[in-house]
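Just so you know, all these numbers are worked out from the coordinates, no wet-lab data involved. All figures in this text were calculated on a predicted structure; none of them were measured in a lab. Every residue, glycine as well, gets a Cβ built from its backbone with ideal geometry; the counts of neighbours run over all protein chains shown.
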Amino acid sequence: MPLIPCDRLLPGDLDAWERQHRFDQLLARSPRLTRKEERAMGVIRQFFQDDPSGYVGVSWGKDSVVTAHLVWRAMGDRVPVVWVREEPHKNPFCLDVRDAFFALCPHKNYHEIVVQYSHDEMGWHATGTMELGFKTSRQMFGDRHVSGVRGKESSIRELVMKRWGTSTDRTARPIGWWSGEDVFAYLEKHNLPVHPAYAMSMGGLHTRSRLRVCCLGGERGTMFNRRELEETYYRPEIEAITQEWERLTGLKAGSRWVL
């Protein structure tokens, strides 16, 4: 599995990654995974057969890479791929994953919708910003999309899967019943790029299933040790965002987290 190169990994990170990677290599050869792939592509084909409008949303984390690849295999590049990109808080390695993905899967129907975080004396805010990006997506490509949501990620998402299943009129969730192990095995099987965030485990202290790829900081920065992780692995970005906040507000951040 091509883990995107990253010079910020700590001693022990790659050792921890390789221990888990050996399991991915075994599971990638499983007929069970092949059957799951076929069912997922069937969900995608049926979703667009019923109505050709819509798009697949990506964040360039593991689930969205797998979902985008399944859509590409099932539909070619007829389905738009859309990334709502947050500035100045985007995860910088998402750009590397994006470029590596399209080097493997050429696509003429890719779009980025850039949204800017707002700011005030209390910090940066995404409130309303992301929804504006998704609203733009709907206006451009229709009010239907393919999602990489999985029920295993949270109790709320599990309830969504139990209530609505893999597809409704507006949303397809082709990997909704996959496990995290299935996702990493699929990435291995198809030689897809993997965001280095999943190896940023503080030397194996954090399991990769709890690590996330999303915008830096914000209110969610305190969840799942994200603040500690981001201050360790994304210090240049954190400092740059803080400096920009100081320039825009005329205030000094001091030692306070303003993201």
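Of LYS108/LYS135; LYS36/LYS189; LYS62/LYS189, which pairs sit farther than 18 Å apart, going by alpha carbon to alpha carbon?
LYS108/LYS135
Using 0.36 nm times the number of residues separating ARG73 and GLU153, minus their current alpha carbon distance, what extension gain do you get?
Full-extension gain reported as 26.3 nm.
Would you kindly compute the Cα radius of gyration of the range 1-140 and its largest Cα-Cα separation (Dmax), both in Å?
17.8, 55
Quick one, can you get me the convex hull of the C-alpha atoms of the range 91-220 expressed as volume per residue in Å³?
Normalising the Cα hull of the range 91-220 by residue number yields 154 Å³.
When you have a sec, figure out the Kirkwood radius of the chain from all distinct Cα pair distances and drop it here in Å to one decimal?
It is 19.3 Å.
Go ahead and estimate [θ] at 222 nm for the chain from helices alone: -39,500 (n - 2.57) per DSSP H run with n ≥ 4, summed, over the residue count, rounded to 500.
Details: 9 runs with 116 residues, N = 259.
My calculation for the chain gives -14000 deg cm²/dmol from helical runs alone.
Dipole of the range 13-172 (Lys/Arg Cβ +1, Asp/Glu Cβ -1, origin at the Cα centre): which of ALA40, VAL115, HIS21 lies farthest to the positive side?
ALA40
Along the positive direction of the dipole of the chain (beta-carbon charges: Lys, Arg +1; Asp, Glu -1; about the Cα centre), which of ILE238, GLY151, ASN91 reaches farthest?
Value computed over the given set: GLY151.
Between the range 147-195 and the range 21-91, what's the alpha-carbon centroid distance in Å?
9 Å
Taking 7 Å along the Cα-to-C-beta vector as the label spot, tell me the ARG35-LYS108 distance in nanometres, rounded to one decimal.
The modelled label-to-label distance comes out at 3.8 nm.
Using Cα positions and a limit of under 16 Å, work out the aspartates and glutamates in reach of LYS152, with same-chain residues fewer than 8 apart set aside.
Result set, ordered by chain and number: ASP63, GLU181, ASP182.
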